[in-house]
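Taken together, the values in this text are just the output of simple stated rules run on the coordinates, not laboratory data. Owing to the predicted nature of the structure, the values given are computational and were not obtained by experimental measurement. Ideal geometry is used to build each Cβ from the backbone, glycine not excepted, and the neighbour counts take in all protein chains shown.
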Amino acid sequence: MRLFFFLVVLISCTNDPKLVQDFVSDKQQPIEQIKGAELLHTENGTVKVRLVASRIERFQNIQPELIFSNHLEVYFYNDSSQLQSTLIADYASIDEKKKIMLAQNNVILISNDDKKLETNELFWDENKNKIYTDKKVKITTGKEVIYGEGFTSTPDFKQYSITK
C-alpha cells in the first residue's frame, strides 16, 4: 500500500517544463535585489546625492529600471558637501536612461532652512536639476502654510513656484 501511495504521489508531482517557463517568463523578475542600501552619487569626487533605501530592485530591458520600496530617503548636497534638502517617500522608481526619479506616497521634501513640502507624487529630473509635480502640494515655512497644485523647484528647495 505504501508503495502504491508513493508511486501515485511521485507520478502526480511532475511539472511540464513549458508551463514552468511560461509562468516564469510572464513575470518581470528583477535581476538584482538589495535590502538596506545606501548609494552615493558623486561629481568630481564631491558627494551630490546620498540615497538610503530599505529595498531596491533592478530590472533589465523594462522601464523603470530601478524600484525603491518600503521607504526611501534622498539627501541633496551642494558643491561644498553641505546638506541642502532631504526627500522622503514610501516608494520611488528611476528611469536610468532619462535620469528621472518618480517618488510616490507620503512624499516630503525638507530644506536646510526648514521649509517643508508635502505631496503624493514628485519628480526629480537630474538632467534639468528640477523637482516638480502637477499634484496638490502643501508647503510649510516658518511664517505660513501654502496650499496649491503644481510645483517646481531646484533640489535645494531655495527657489520654488506653485502653478495654482
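Pairwise inverse Cα distances across region 71-164, averaged and inverted, put the Kirkwood hydrodynamic radius at 13.2 Å. For region 66-125, GluC sites (Glu not before Pro) meeting the loop criterion (DSSP other than H, G, I, E, B) and having at most 15 other Cβ atoms within 10 Å: Glu96.
Rounded to the nearest whole Hz, the Karplus-based 3J(HN,Hα) values (6.51 cos²θ - 1.76 cosθ + 1.60, θ = phi - 60°) of region 43-59 follow the sequence 10, 6, x, 9, 5, 9, 9, 10, 10, 10, 9, 6, 8, 10, 10, 10, 10, with x at glycine and proline.
Among the lysines, which have Cα under 17 Å from the Cα of Lys98 when same-chain residues fewer than 8 positions away are ignored? Leaving aside lysines fewer than 8 places away in the same chain, those within reach of Lys98 are Lys128, Lys130. Across region 69-164, Cα pairs under 8 Å and at least six residues apart give a relative contact order of 20 percent. A simple count of charges around Arg58, restricted to other residues whose Cβ falls under 14 Å of its Cβ and scoring Lys, Arg +1 and Asp, Glu -1, yields -2.
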